[in-house]
Amino acid sequence: MVDSCFTVGIFCICTSVLGIILKQYCSEQSMLLTICACSGISVSAVTFLIPILNELTEIFTTAEISSDYINLIFKGTAISFITRLTSDICKDCGNSALASTAELWGRCSLTFLSLPLLKTITALIVRYVEI
């Protein structure tokens, strides 16, 4: 795990240096390089999610908690990751207003995603207060 983090770190630093050099000659290619590198690393990072998913499934099964909540966790994580990546790329391109709008969309999406969980928690509270 540590060696792969080190490899990704070196890859990111080299890509950043290459992007700075490329930006002097063609800023569009520099941006494309950044997007490609981010996409490649993101796809590689997904491979780490499989053991985490298996572990969470086991924990939730042992605790007799619905597997729907695992889906909520991963959807929330995906929304956070995509929003942050999109925002950072927009900021790198000089579009801070667009980056802020992407962050707003991500926050609204997370709020909407959390509504079923909020309903469940509220129902539990009401049930225990009535006892």
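The values are calculated or read from the model by the stated rules, or taken from the named source; none is laboratory data. Note that the structure is a prediction, hence the values are computed from the model and not measured. With ideal geometry, Cβ positions are generated from the backbone for all residues, glycine too; neighbour counts draw on all protein chains shown.
When you go through 65, 21 one by one, which is the residue that is free of Cβ contacts under 8 Å to residues at least 60 places away in the same chain and either loosely packed, with under 10 Cβ neighbours inside 10 Å or part of a helix (DSSP H, G or I) (or both)? Lay out the reasoning, then the answer.
On the way: 65 fails: either loosely packed, with under 10 Cβ neighbours inside 10 Å or part of a helix (DSSP H, G or I) (or both).
Of 65, 21, the one residue that is free of Cβ contacts under 8 Å to residues at least 60 places away in the same chain and either loosely packed, with under 10 Cβ neighbours inside 10 Å or part of a helix (DSSP H, G or I) (or both) is 21.
Could you check, for region 97-120, whether at least one of its residues is surrounded by 10 or more Cβ atoms within 10 Å (Cβ to Cβ) and outside any helix (DSSP H, G or I)?
No.
I'd like to verify a number: residues in region 80-96 that are in contact (Cβ under 8 Å) with a residue 60 or more places away in the chain and either in a helix (DSSP H, G or I) or loosely packed, with under 15 Cβ neighbours inside 10 Å (or both), how many?
As a first pass, look at region 80-96 and keep what is in contact (Cβ under 8 Å) with a residue 60 or more places away in the chain: 92-93.
Narrowing further to those that are either in a helix (DSSP H, G or I) or loosely packed, with under 15 Cβ neighbours inside 10 Å (or both): 92.
Counting residues in region 80-96 that are in contact (Cβ under 8 Å) with a residue 60 or more places away in the chain and either in a helix (DSSP H, G or I) or loosely packed, with under 15 Cβ neighbours inside 10 Å (or both) gives 1.
Looking at (1) over 23 Å from residue 107 (Cβ atoms); (2) at pLDDT 80 or above, which is the one condition that is false for residue 66?
Exception for residue 66: condition (2).
Looking only at region 30-51, filter to residues that are loosely packed, with under 13 Cβ neighbours inside 10 Å and either basic (Lys, Arg) or part of a helix (DSSP H, G or I) (or both); which one of those is modelled with the highest pLDDT?
Restricting attention to region 30-51, the residues satisfying the condition of being loosely packed, with under 13 Cβ neighbours inside 10 Å are 36, 39, 42-43, 45-48, 50-51.
Remaining after also requiring either basic (Lys, Arg) or part of a helix (DSSP H, G or I) (or both): 36, 39, 42-43, 45-46, 50-51.
Details: 36: 90, 39: 86, 42: 84, 43: 84, 45: 83, 46: 80, 50: 80, 51: 84.
For region 30-51, the residue satisfying everything is 36.
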